[in-house]
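A short reminder: the numbers here are calculations on the coordinates, not readings from a lab. Computed from a prediction, not measured in an experiment: that's the story for all the values here. Neighbour counts are summed over all protein chains in view; Cβ atoms, including those assigned to glycine, are modelled from backbone coordinates with ideal geometry.
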Amino acid sequence: MFDATQEEIEAAIQTVVTTIHHPVLQRAAAAGRDNIRRETPVLLALEDGTLAEGVVDLAFRETAEEFAGWTVVDFKTDQGFSGESARYIRQVKLYAEAVRAATALPSRGVILVI
């Protein structure tokens with residue numbers, strides 16, 4: 001951002017620091033380079049014959065005892081998240097289903113509001 005105030009700069013720095021220390025992103029980092037996908041296009045044929053398409057912000061493969069499969073992360077930064085949460089939940093569910101269909105592995109979706 002050009003001409004940002006010192007307060008805006010400090011808020012941006014704090015947001016980045018908080019975000020990279022979030023447990024979901026720590027798990028993604030631990031997954032290793034070969035198990036991470038960023039900004040990945042997905043396409044899913046729905047039961048009614050329509051196609052759903054989008055771009056997955058982040059997906060990473062986990063092999064933990066409690067979950068082995070792909071975790072799909074959708075980042076949201078808008079202030080009005082609560083008013084749009086149902087739409088965003090549907091979106092990340094579709095993304096997770098597209099990843100499951102493409103990989104034949106379990107998947108789950110996470111919305112990370114920052």
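The alpha carbon centroids of region 1-59 and region 74-114 are separated by 11 Å. Placing +1 on the Cβ of every Lys and Arg and -1 on the Cβ of every Asp and Glu, with no other charges, gives the chain a dipole of roughly 420 debye about its Cα centre.
Relative contact order of the chain, taken over Cα pairs closer than 8 Å and 6 or more residues apart, is 22 percent. Across the options Gln14, Gly49, Ser85, the greatest Cα extent toward the positive end of the charge dipole of the chain (unit charges at beta carbon of Lys, Arg, Asp, Glu) belongs to Gly49.
With a Förster radius of 22 Å, plug the Cβ-Cβ distance of Ser85 and Ala11 into 1/(1 + (r/R0)^6) and report the FRET value to the nearest 0.05. Computed FRET efficiency for Ser85 and Ala11 comes out at 0.40. Within region 53-89, list the GluC sites (Glu not before Pro) lying in a DSSP loop whose Cβ has at most 10 other Cβ atoms in a 10 Å radius. Here the sparse-neighbourhood loop sites are Glu65, Glu66.
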